[in-house]
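One structure is given below, encoded as structure tokens.
Taken together, the values in this text are just the output of simple stated rules run on the coordinates, not laboratory data. Not measured: the values here are computed from a predicted model. Here Cβ is always computed from backbone atoms with ideal geometry, including for glycine, and neighbour counts include all displayed protein chains.
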Amino acid sequence: MGKRNLLNPRIAGIPPSETLGIAALAKKLAAEGRKVCDFSAGEPDFDTPDHIKESAVNALKNGKTKYTPAAGLPELRSAIAKKLKKDNDLTYEPRQIVVSNGAKHSLFNVILTICREGDEVIIPGPWWLSYPEMVKIAGARPVYVYAPESKGFKPESGDFERAVTSRTKAIILNSPCNPSGIVYTRDELKAIAAIAVRHDLFVVADEIYESLVYDGATHVSLASFGRKIYDRTITVNGFSKAWSMTGWRMGYLAAAPAVADAVTAFQSHSTSAPNTFAQYGAVAAIEGTGSDVAGMVSAFAERRAVMYRRLTSIEGITCVKPMGAFYMFPNVSGFGISAAEFAKRLLEQQAVAVVPGGAFGGEGNIRLSYACGMDDIREGMDRLEKFVKSL
């Protein structure tokens, strides 16, 4: 018997991350002395604000190094509940909040908690590449509702309706969206909410990029549309993007008490509890003035404007203008090579790292992050233009 047969097939069948593969090659080139313009990482280049770091340091100095309750510090859960009321018009008791080791962990907890063998989960596309793998690990089946560039990467409500079957358990909704940067409007969200209520579905609302919106776009929480959709929505958020706390691994969910209790029980048997002193940093983040977040959003808006202008000026490249997050998802299908080959050759020849779009559902697209510095964006766009002219 081969070793592979000894492994859980759901785990053994997970494909390696294309993002990590590109990152590894970029690091190899950098180690060889090449200047790499890296647009692959979904990670802000800003440092975590000082008051957040100081709070965690003080927690360490004061001996806050023991377990917290499995669902997180009571004061952090209380602060999150207040934030959700103030910013999102959502009323949750602290007991309905579960803090986890990053929003990705929260999502994984949710999907394993609500999905049974044979369930179906609707995933609108382009999608974040980890959603399908989480669903498969849970024994459920991802059902994709893909909207092409010609529709602005936004599936219509009828597309969701047609995807519902007797096995559908949930819809995963990410707005603002990674990788496309699209933001669903209030009316679009209401239409999706109506479908979820009509068919008695959960909605997993991934709102990790809620603070990062531009050009007058507004983020609206799906659960705010009334009691029926509130009871069915599991709102997921975190600290990585808005406060540049990616390495802190702090995320959370808010849900109906039965869901929150089940997730807490599951988490108590997996990670026990989130990192203690990081939670004290999270309290400082959520109780801060918000000026740090506003400053980062302003910088991202400037970078977005420059990258979008440069991308759309390159002959052969088209791009839906993103209204949120910090990604662009341009179409490069007109150059006679796959997006994966495009990304590989771009990195090898011009030391520009982008992520092929296939893992996100966009076979003809590449994903670029503008969470890097403006100098890298300008130089990277020069190199990209030079590469395209060589094709």
query = Given the rule -39500 (n - 2.57) for each run of at least 4 DSSP H residues, summed and divided by the residues of the chain, what is its mean residue ellipticity at 222 nm, to the nearest 500 deg cm²/dmol?
reply = -13000 deg cm²/dmol
task = Quick one: plug the Kirkwood hydrodynamic radius of the chain (C-alpha pairs) into Stokes-Einstein at 10 °C, 1.306 mPa s, and report D in µm²/s.
result = 73 µm²/s
query = Which whole-number percent is the relative contact order of the chain (Cα, under 8 Å, 6+ apart)?
reply = 24 percent
task = Take every Cα pair under 8 Å in the range 160-254 that's 6+ residues apart, average their separations, divide by the length, and report that relative contact order as a whole percent.
result = 26 percent
key: Set of lysines with alpha-carbon distance to K104 below 17 Å, sequence-local pairs under 8 removed   = K136, K241
task = Excluding residues on the same chain fewer than 8 positions from K321, give the lysines whose Cα lies under 16 Å from its Cα.
result = K151, K154
note = Computed over the chain: longest principal axis from alpha-carbon atoms vs helix 291-312 long axis, angle to nearest 10 degrees, is 30 degrees
inquiry  = How would R95, R367 line up from fewest to most surrounding beta-carbon atoms within 10 angstrom?
reply    = R95, R367
ask   = Relative to the first principal axis of the alpha-carbon coordinates of the chain, what is the inclination of helix 374-390, with its axis defined by its Cα atoms, in degrees from 0 to 90 and to the nearest 10?
value = 50 degrees
key: Relative exposure of S224, S130, S291, judged by other C-beta atoms within 10 Å (fewest first)   = S291, S130, S224
message = Explain nothing, just the number: relative contact order of the range 66-286, from Cα pairs under 8 Å at least 6 residues apart, as a whole percent.
response = 28 percent
message = Need the list of lysines near K27 for cross-linking: C-alpha distance under 19 angstrom, and skip anything on the same chain fewer than eight residues off.
response = K35, K344
note = Amide H neighbours of G125 at under 5 Å, excluding residues fewer than 5 places away on the same chain, with H built from the backbone geometry, are V145, Y146, A147
task = Arrange the peptides 170-182, 328-340, 264-276 so that the one whose residues have, on average, the most other Cβ atoms within 10 Å appears first.
result = 170-182, 328-340, 264-276
query = Which whole-number value in Å³ per residue fits the convex hull of the alpha carbons of the range 66-286?
reply = 113 Å³
query = Based on DSSP, what percent of beta bridges with both residues in the chain are antiparallel, to the nearest 5?
reply = 45 percent
task = Determine the sum of side-chain charges near F160: Lys and Arg each +1, Asp and Glu each -1, restricted to other residues whose C-beta is under 12 angstrom from that of F160.
result = -1
